[in-house]
Amino acid sequence: MFVKPIAKKKQANVDHITGDKIPKSFVFARGKLPVSLRQLQMDLRKLMLPYTALKLKEKKRNSLKDFLNVAGPMGVTHFLMLSKTETAPYLRVARTPQGPTLTFKIHEYSLAVDVAQSQLHPRCPQDLFKNAPLIVLSGFGSGEQHLKLTTVMFQNIFPAIDINTVKLSSCQRIVLLNYNKDTKLIDFRHYSIRLQPVGVSRRLRKFVQNHQVPDLRNLQDVSDFVTKAGYGSESEGDDEAATVTLANDLGRVNKASTKSAVKLQEIGPRMTLQLIKIEEGLCSGGIIFSEYGTASEKRQEKNQSNGDDQDDNEDIEENDEDSD
């Protein structure tokens with residue numbers, strides 16, 4: 001007996017609103033990784049949801065060409081590759097199929113589980129990863145070529161949004177990259193976004209959100225539940241700088257034309273990165289940028305140094321002749 005298989009719903013390659021191609025990614029390792037970096041790899045896959053292969057299977061014999069052959073038919077546009085040397089772990093971010101490739105040295109990192117354990121009330125609901133995160137870049141506007149390339153790479157690794165048509169309910173996560181020009185380090189952070197109505201007590205907000213009947217046995221009147229001091233009864237997040245006026249309803253608590261406070265809560269992973277190298281191709285090709293200088297720059301410096309030494313020697317010889 002033949003049973004017709006149920007066709008799986010294919011993931012869209014083009015945004016039905018903007019018409020732009022949706023970027024997709026593979027996150028995988030190059031070489032053997034310790035357990036902590038393996039977990040960082042899984043955290044990065046989760047961060048890149050929903051447009052990534054969460055359960056991508058890797059084998060030791062897989063070459064970069066193997067991933068590239070699979071990437072084309074699946075519409076994958078970017079590779080995120082983790083590796084480890086004797087000195088430090090590295091993250092390479094590449095555009096497929098022809099590059100460029102950005103190589104970052106990972107100075108420090110914290111896993112999502114570490115971030116959650118450091119918080120009193122960690123928040124990470126399952127529907128948080130149904131939509132891609134927003135991307136915010138800070139400190140990259142110096143005009144230097146390698147920073148421009150870094151900006152373009154990270155802007156294109158996540159889907160673009162149209163502020164006129166985007167649904168507020170889809171904006172639940174944000175990835176923040178902050179460049180420090182003094183240390184040349186990039187702080188990589190991943191936050192969840194939530195809104196809280198301004199001027200509404202915490203008790204009322206929890207009551208509406210939880211769909212549960214409150215315990216009123218020890219209260220004389222319903223008004224005591226609303227006005228009772230303590231237990232976070234004061235309204236939170238009334239800072240004008242952190243409030244927005246909603247264009248439409250969002251959930252049961254945040255209503256259109258009312259002010260809501262924007263709250264960010266870190267969900268991880270967290271990394272401190274340093275841009276080491278930019279290559280023209282996919283992990284190959286000419287060096288566009290190197291933190292330690294390109295080969296041509298080193299040759300130029302060497303030739304200049306040799307030229308200076310030769311000039312010094314000629315000056316010494318002239319001085320010797322004058323003394324004679």
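All of the numbers you see were taken from the coordinates with simple rules; none came from a lab. Owing to the predicted nature of the structure, the values given are computational and were not obtained by experimental measurement. Every residue, glycine as well, gets a Cβ built from its backbone with ideal geometry; the counts of neighbours run over all protein chains shown.
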Counting only backbone N atoms under 19 Å from a point 7 Å out along Cα-to-Cβ of L54, the residues of the stretch 144-188 in range are 158-159, 170-175
Here the gain from full extension of C124 to Q145, 0.36 nm per residue of separation minus their alpha-carbon distance, amounts to 3.9 nm
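Name the trypsin sites (Lys or Arg not before Pro) in the stretch 139-197 that are in a loop by DSSP and that have at most 16 other C-beta atoms within 10 Å, would you? Display every interim value, and only then the final one.
Numbers: sites: K148, K167, R173, K181, K184, R189, R194; in loops: K167, K181, K184.
Passing both the DSSP loop test and the Cβ count: K167, K181, K184.
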Burial-style ranking of 94-105, 114-125, average other-beta-carbon count within 10 Å with highest first, yields 94-105, 114-125
